[in-house]
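Here's the structure, in structure tokens; my notes come after.
Where a number appears in this text, it was derived from the coordinates with a stated rule and is not lab data. Note that the structure is a prediction, hence the values are computed from the model and not measured. Backbone-built Cβ (ideal geometry, glycine too); neighbour counts: all protein chains shown.
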Amino acid sequence: MSTLVRSASLTNYAEVARAAGLDPLAFLANAELDPACLHNPDLLVPSEAVRDLLEASALACGMDNFGLRMAETRLLSNLGVVALVAREEPTVRRVVRALIRYKHLLNEAAYAKLDEAQGIAVIREELFFGHAGSSRQATELLVGVMFRILTFFLGPAWNPSRVCFAHPPPRDPVLHYRMFGYSVDFKQDFNGLVCTTRDMDAPNPLADPVMARYSRQLLEATAGSGSMGAVDSVRHTLLVLLPSGECSIDRVAQQLGVDRRTVHRRLMREGTTFSEVMNTVRRELAARYTEDHARPLTQVAELLGFSALSAFSRWYKQQFGEVAGQRRRAIRRT
């Protein structure tokens, strides 16, 4: 089933495209997206189409930081009604948690998680489309928007301790350094921001507890309770657990706070099984990681939760009908 994203995700697309010498309307047409997306931020459009639009635009103009250019001037207000809730939360931690809770109302393909330990806070952001294809531009847009939101509350001089991207570095990282500072790392195991728990503790001077309550009531009345379906919950949990190798249904159930039978039952109601969901997640990640020639296949196997390269190789050939190394060589020749 196709996932949807608010057309606000295309904020600044036309400006960046024109500055790069592209015709934004022509590229929208090629992606089968309505030009109204550029003017009505609340339209729901296929997230895959937006991803493909950004990748096609970046390729056409030779800008491998196209998505980050779109994020560079984003505002809190671009989040629509979710911004009303975030703006009234008392601390930055509560702001981030509100964004995570309502993330699916902004982009059904997006996943976010906040982990804190020993004074370090990690905001992990991932995209899952269910189909192969590069997500570099959409990922940098996603992380860039989170950064812009945090600077709204922490001040324009704030920089995270680290900014992590799973994809290789751009040809020219000047924009990344200008936006995030120099602590940007590529070819990492996740996409997201690393900061301190002190940053999360920072108070929000704009917060109004009464307005926060009313904003949440408004959001949940107009968009539902904010709960995720079983497939999305399992899928997002697997994105975190796969690199650790602890991706059994029992481990997933533990993370979700239920038993394995409950996970089975909920997935069956949505017409699928745990094995099918895990296989779908692995297929997309495998296609994405295999395209990255700088990432050894042994590391790809680990990121997908396989105990050995041989197990990954057998699975890959069964799924794609070819050897992973052959696929990588074929991509290099194109």
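Quick notes on this one:
- A Cβ-based charge dipole, computed about the Cα centre of segment 54-101 with Lys and Arg at +1 and Asp and Glu at -1, lands at about 320 debye.
- Computed about the Cα centre, the dipole magnitude for segment 242-284 is approximately 140 debye when only Lys and Arg (+1) and Asp and Glu (-1) carry charge, each at its Cβ.
- Under 15 Å, Cβ to Cβ, from Asn191 - net charge with Lys/Arg +1 and Asp/Glu -1: +1
- Ordered from longest to shortest, the equivalent ellipsoid semi-axes for segment 23-72 are 18, 13, 10 Å, each the square root of 5 times a Cα gyration tensor eigenvalue.
- Val81 versus Tyr182: modelled label distance in nm, points set 7 Å from Cα along the beta carbon direction: 4.6
- Taking Lys and Arg as +1 and Asp and Glu as -1, the other residues whose beta-carbon sits under 14 Å from that of Ala49 total -4.
- Extension gain for the segment Cys61 to Arg213, taken as residue separation times 0.36 nm less the Cα-Cα distance, is 50.2 nm to one decimal.
- Label-point separation in nm, Ala330 to Gln255, each point 7 Å along Cα→Cβ: 3.1
- Computed over segment 1-91, Cα set: Rg, Dmax in Å: 13.8, 44
- Inter-probe distance in nm under a simple model that places probes 7 Å from Cα toward Cβ, at Ser2 and Arg171: 3.2
- FRET efficiency estimate (nearest 0.05) - Cβ-Cβ, Ser244 to Asp34, R0 35 angstrom: 0.25
- Angstrom value of the Kirkwood radius, inverse mean 1/r, which spans all Cα pairs in segment 230-333: 14.4
- ³J(HN,Hα) computed for each position of segment 246-260 - Karplus, 6.51 cos²θ - 1.76 cosθ + 1.60, integer Hz, glycine/proline x: 9, 10, 6, 5, 5, 5, 5, 4, 4, 5, 8, x, 9, 9, 5
- Per-residue 3J(HN,Hα) values for segment 107-117, derived from phi via the Karplus relation 6.51 cos²θ - 1.76 cosθ + 1.60 with θ = phi - 60°, read 7, 5, 8, 9, 10, 9, 8, 10, 10, 10, 6 Hz in sequence order (x marks Gly and Pro).
- Gain upon complete extension [Thr262, Gln318; 0.36 nm per residue less C-alpha separation]: 17.2 nm
- Dividing the helix sum by the residues of the chain, where each DSSP H run of 4 or more adds -39500 (n - 2.57), gives a mean residue ellipticity at 222 nm of -15500 deg cm²/dmol.
- Residues of segment 156-170 falling in the label zone of Gln299, defined by backbone nitrogen less than 13 Å from a point 7 Å along Cα to beta-carbon, are 165-169.
- Whole-Å distance, taken between Cα centres, linking segment 1-72 and segment 181-210: 26
- Top positive-direction residue, dipole computed over the chain with Cβ charges, set Leu10, Val258, Thr197: Val258
- Basic side chains Lys and Arg get +1 at the Cβ, acidic Asp and Glu get -1 at the Cβ, and with that the dipole of segment 1-129 about its Cα centre reaches some 520 debye.
- Average 1/r across all pairs of distinct alpha carbons in the chain, invert it, and you get the Kirkwood radius: 20.9 Å.
- Panel note: the C-alpha atoms of segment 40-147, placed on their principal axes, show extents of 43, 35, 28 Å (largest first).
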